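Undergrad: Take a look at this one; I'll ask things after.
Computed from the coordinates by the stated procedures, all read-outs in this text should not be read as laboratory data. All of these numbers come straight from a predicted model, not from anything done at the bench. FYI the Cβ positions are ideal-geometry reconstructions off the backbone, even for glycines, and counts take in every protein chain you see.
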């Protein structure tokens, strides 16, 4: 029985980087994209058991406020069908669940099976009636298993930065959103301010990584710094959203500029 | 190996074996590659399933379109969601459907596949 791995390697050639194209076929770059995705998937599987605790510790609980803002800006309301992409252990999905109620539905997608199992366990432990409206799905942000124009709102919390092909992910988000609906994408802010960038870098080196090392996850959290440096600025995110077809896109800074949220309307 | 599919009757929740998913969820999901509805593989030989992704399943005398006799979305026998459009099945693990393209598997046939046939 064959797998799709080889087939996907060929299909993924359409997202080969410019560096790959200079090499001709770009098969090496295709393997790099595919292996980068697998490495990140493995990383998030490894940190799943302590992910929630570390989020609380590292942000002093502030991540909860930022996630509430993300949900609020998505304009999700009672009865809506919403997607939480890169849902991780489900923080935003649980907030959306309460927002849309039992008349609505929440599709929570992540590529890490371990994170999804953690989320499902939390769903069982917390037991609130409205949480019945959450469905966990293992999926790829680059190939969403939903038809066009399906969702009334989409949220992404600290996920877009980890996707290997951000333009394609934003195009997929656009595809599955109903016209007139909103995507709210929360993440670290890649600031153009030297002060903010230096502060972020200092905090990662002197607070985040040392704390993560106590959980045996030094290398996994060192990844955070490079992922922020390779992320897009607010302006670049706005441009990407408009290129994908969104009629309006605005990036807002949060947490003193350390965090940011792209709000894009189809 | 011929897979036997039973037509789904509507059921509200996941099965006790931890593999199945609610009908409502399987109705919503589509193949991540083709974006077409997921459907079940039924027991009628190759005529009934659209293995158009694989050249050896394109008999010259077959009139198009091929009828898919079963529209059930979830294959209880294999515990998977099936995309006839690309001839791929996606597993359901502990009640969570896995629709990551790279985790899909080409559908088996009873004559066995060579490694060459399984790669595009």
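Undergrad: How big is the antiparallel share of DSSP beta bridges in segment A:108-215, given as a percent to the nearest 5?
TA: Percent antiparallel among DSSP bridges in segment A:108-215 is about 10.
Undergrad: Return the average number of partner chain Cβ atoms within 10 angstrom of each residue Cβ along peptide B:25-31.
TA: 4
Undergrad: Give me a single rounded figure for A:127-137: the average over its residues of other chain Cβ atoms within 10 Å of their Cβ.
TA: 2
Undergrad: Of all beta bridges DSSP finds with both residues in segment A:143-266, what is the antiparallel percent, to the nearest 5?
TA: Of the beta bridges lying entirely in segment A:143-266, close to 70 percent run antiparallel.
Undergrad: Using a 10 Å cut-off around each Cβ of peptide B:78-89, what is the average number of partner chain Cβ atoms that fall inside?
TA: For this peptide, the per-residue mean of nearby foreign Cβ atoms is 1.
Undergrad: Of the peptides B:22-29, A:89-96, how do they stack up when ordered by the mean number of other Cβ atoms within 10 Å, highest first?
TA: A:89-96, B:22-29
Undergrad: With the cut-off at 1.5 for a/c, could you classify segment A:119-266 from its C-alpha gyration tensor as rounded, prolate or oblate?
TA: Cα axes put segment A:119-266 in the oblate bin.
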